[in-house]
Structure formats: C-alpha cells, structure tokens
Amino acid sequence: MRNEYDFSKSRKNPYVKQLKRQITIRLDAVTVDYFKKLAAELGMAYQNLINLYLRDCAEQKSRPVFQATVAQPASSRKK
C-alpha cells in the first residue's frame, strides 16, 4: 500500500445523489432503541435496517394503521 495517493485527476460518482438522500427525522427513543437492538442482532447498521423496512413498506404500498386521537384545546385541559 502506498503512503500517498494522487486524487487530483479523480472525479465524483455521478450517481451518488440518486443512491440515498440525507434527511432529518425525529423518532421516539423507544423506536430507535428497537431498531438498534434488532440491527445488532442482524449485524448491520440500524439506519440501514430502518431504510430497508421503509423501502419494503413503500414497495408494498402499505399504509400505517393507527387510532387517531382528538386533541383537546388548550383552554379545556385540566391544570
């Protein structure tokens, strides 16, 4: 292996922007802990596991199922 390499004539991967997009997402601590634990068991990065799971959902066009709760106006909440 060389001590130094010459990258002066190199070029960036033209497809890198099509591969993945960096975003900011807020997840519950419980959710992150779950995926971290599962990813450790599988021997992979938890971000990749979350990406694979979401991609699978997108490919299957699955929709989340949850119960909607009606938020009370601030003025009617108990103090």
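The values are calculated or read from the model by the stated rules, or taken from the named source; none is laboratory data. The model shown is predicted, which means the values in this text are computed figures rather than measured ones. A quick note on method: Cβ atoms are made from the backbone with ideal geometry, for glycine too, and the neighbour counts reach across all protein chains shown.
Here are a few things to note about the model shown:
- Of the listed requirements (1) exposed (fewer than 10 other Cβ atoms within 10 Å of the Cβ); (2) of a type outside the set (A, V, I, L, M); (3) modelled with pLDDT of 95 or more, LYS79 misses just one: (3).
- Residue match in the range 54-65 (condition: touching a helix residue (DSSP H, G or I) at 6+ places or on another chain (Cβ under 7 Å), of a type in the set (Val, Ile, Thr) and free of Cβ contacts under 8 Å to residues at least 40 places away in the same chain): no
- Residue in the range 44-56 that is touching a Phe, Trp or Tyr at 6+ places or on another chain (Cβ under 7 Å), on the phi < 0 side of the Ramachandran plot and either exposed (fewer than 10 other Cβ atoms within 10 Å of the Cβ) or not aromatic (Phe, Trp, Tyr) (or both) present: yes
- Checking each residue in the range 1-35 for being within 24 Å of the chain's Cα centre (by Cα) and modelled with pLDDT under 90 picks out ASN13, PRO14, TYR15, VAL16, LYS17, GLN18, LEU19, LYS20, ARG21, GLN22.
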